[in-house]
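Single-structure report; data block below.
The values are calculated or read from the model by the stated rules, or taken from the named source; none is laboratory data. Just so it is clear, the model here is predicted, and its values are computed rather than measured. No Cβ is skipped: glycine too gets one built from the backbone with ideal geometry, and neighbour counts run over all protein chains shown. Surface accessibility is based on the protein's heavy atoms, side chains included, excluding ligands, DNA and RNA. Shrake-Rupley method; radii C 1.70, N 1.55, O 1.52, S 1.80 Å.
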Amino acid sequence: MLWPWSSPAPLIALRGPRVLLRLPQMGDYDAWYALRRSSRDFLRPFEPRWTEADLGRRVFATRVKRAREEAGEGSDYSFFIFLSAARQETLVGGITLSNIRRRAAQFVNLGYWMGQSFAGQGLMSEAVGVSLPFVFDTLDLHRIHAAFLPGNAASRRVLEKNGFAEEGFAENYLQINGRWEDHVLFGLTRERYELGRYLRRV
């Protein structure tokens, strides 16, 4: 079946040395289903509760449609992360820039997930780094917010490698796997991002 939003033409593509970030399309369904299903036990402690029904093709089609609409509106950007090598793209995870606020706020929330078989290879650190010029240069925002469970050392490393700093602690912040969980709050400002970019050049 051809879906009206299945054309790759309008996709935003962000590239790094190893990874490609782009909006999802219907042709990604089989890879997404396989990766999410095989990583379910790995992801369960870090995500809102989901079931096998949430992996259905129609649910995915709605996700693709919503991602296109939100990107078109400039409110949210839901990227898939691909390992790009030798003209082959392998889906490894996802990264979301959500709840963009303009006017006096000028910020976005960052979230991400990685398939179990690709974790620990530095791919998420690279993917977050690839998203930063898009946030600060293309979207012209001033701040990125991120949050993670206190015991999630991998997320802490990803954020710290990209210049984020710890800014606080939120009690019962998000519902994860059916329970309200505390989260550590991290942030990255344009000023800190620009300083880091300058220091890497000198």
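Details
- Qualifying residue in the stretch 110-132 (condition: in a strand (DSSP E or B) and open to solvent by less than 10 Å² (accessible area, probe 1.4 Å)): no
- Among the residues here, Gly16 qualifies as out of contact with any His (no Cβ under 6 Å at 6 or more places or on another chain), open to solvent by less than 70 Å² (accessible area, probe 1.4 Å) and touching a residue at least 12 places away in the same chain (Cβ under 8 Å).
- The set of residues in the stretch 162-184 that are more than 27 Å from Arg40 (Cβ to Cβ) and outside any loop (DSSP other than H, G, I, E, B) comprises Ala165, Glu166, Glu167, Gly168, Phe169, Glu171.
- Verdict on Arg103 being open to solvent by 30 Å² or more (accessible area, probe 1.4 Å) and in a helix (DSSP H, G or I): no
- Residue identified as in contact with a Lys or Arg (Cβ under 9 Å, 6 or more places away or on another chain), surrounded by fewer than 19 Cβ atoms within 10 Å (Cβ to Cβ), without any contact (Cβ under 8 Å) to a residue 12 or more places away in the chain and outside any strand (DSSP E or B) among Asp30, Asp54: Asp54
- Residues of the stretch 133-153 satisfying the condition of being closer than 20 Å to Leu21 by Cα, open to solvent by 20 Å² or more (accessible area, probe 1.4 Å) and outside any loop (DSSP other than H, G, I, E, B): Pro133, Asp137, Thr138, His145
- The stretch 73-100 - residue that is open to solvent by 40 Å² or more (accessible area, probe 1.4 Å) and not polar (S, T, N, Q) and, of those, modelled with the highest pLDDT: Leu83
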